[in-house]
Amino acid sequence: APAPAKPAIKFLQPDLQHNGSLTNDTVRFQWSPVSGVQGYRFTLQRADGSVVATADLNAEQTEYTLNAPLQAGEYEIAISAVMSESSTRTLRRQFYVLDADQQRRYEWAQQHADKLPLLSAAVFYSIDRYADALSSVERAARKYPNDKRVSQWRKLIEARLNLQVGEFSQ
């Protein structure tokens, strides 16, 4: 008989499926509950392999909060749904935390998203904040309905979002 389908784990916060970077105030990770799980194993490490946080959580705990915000740099998160002693389903995701310059650009784009939506979309895109970029380009489409650059940016962002979601491995 074929093996039963393994349950899917989905990130709820932060949105790692649609963004390749996180802001420097990130401390909370939350995921969707998995039915029939015995517990979860949470691991967060830097790109060099050093462990930032690890925890074994019970079946009701679908979030983990860090003691302090993450420092700028590259990371990998792994959340395992433990179904039994010999069966787990692990979701891994690599991401990076914005450095000070990128954080300033992110904040600028947030502040100017209504007034300068297309420029804000380009800034968000440049720092791998694809969901934010798409929101800004949608604002630009409403503000500048006949601007060809808006549709070009939308295509570019949607293509990158499709790649980002495709890279999202379980």
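Condition first: at pLDDT 95 or above and basic (Lys, Arg). Now tell me which residues in the stretch 91-108 satisfy that.
Matches in the stretch 91-108: Arg104, Arg105.
Tell me which residues, restricted to the stretch 112-150, are more than 15 Å from His18 (Cα to Cα), in contact with a helix residue (DSSP H, G or I) (Cβ under 8 Å, 6 or more places away or on another chain) and of a type in the set (S, T, N, Q).
Matches in the stretch 112-150: Ser120 only.
Write out, first by first residue and then by second, each pair whose Cβ atoms fall under 6 Å of each other, whose residues are 6+ apart or on separate chains, and whose first residue, in the stretch 109-120, is within 17 Å of Leu98 (Cα to Cα) while the second is open to solvent by less than 70 Å² (accessible area, probe 1.4 Å) and aromatic (Phe, Trp, Tyr).
So the pair list comes out as Ala109/Phe124.
Please determine, by comparing only the residues of the stretch 145-161 that are open to solvent by 50 Å² or more (accessible area, probe 1.4 Å) and part of a loop (DSSP other than H, G, I, E, B), which one is farthest from Ser135 (Cα to Cα).
Asn146
Take the stretch 66-124 and flag every residue that is of a type outside the set (Gly, Ala, Ser), open to solvent by 40 Å² or more (accessible area, probe 1.4 Å) and assigned to a loop (DSSP other than H, G, I, E, B).
Within the stretch 66-124, Asn67, Pro69, Gln71, Glu85, Asp99, Asp114, Lys115, Leu116 meet the criteria.
I'd like to verify a number: residues in the stretch 52-65 that are loosely packed, with under 11 Cβ neighbours inside 10 Å and within 19 Å of the chain's Cα centre (by Cα), how many?
Count: 1.
The values are calculated or read from the model by the stated rules, or taken from the named source; none is laboratory data. Quick caveat, the model's predicted, so the values are computed rather than measured. Counting neighbours? That spans all protein chains shown, and the Cβs are built from the backbone with ideal geometry, glycine included. Just so you know, the surface numbers come from the protein's heavy atoms only, side chains and all, with ligands and any DNA or RNA stripped out. Shrake-Rupley method; radii C 1.70, N 1.55, O 1.52, S 1.80 Å.
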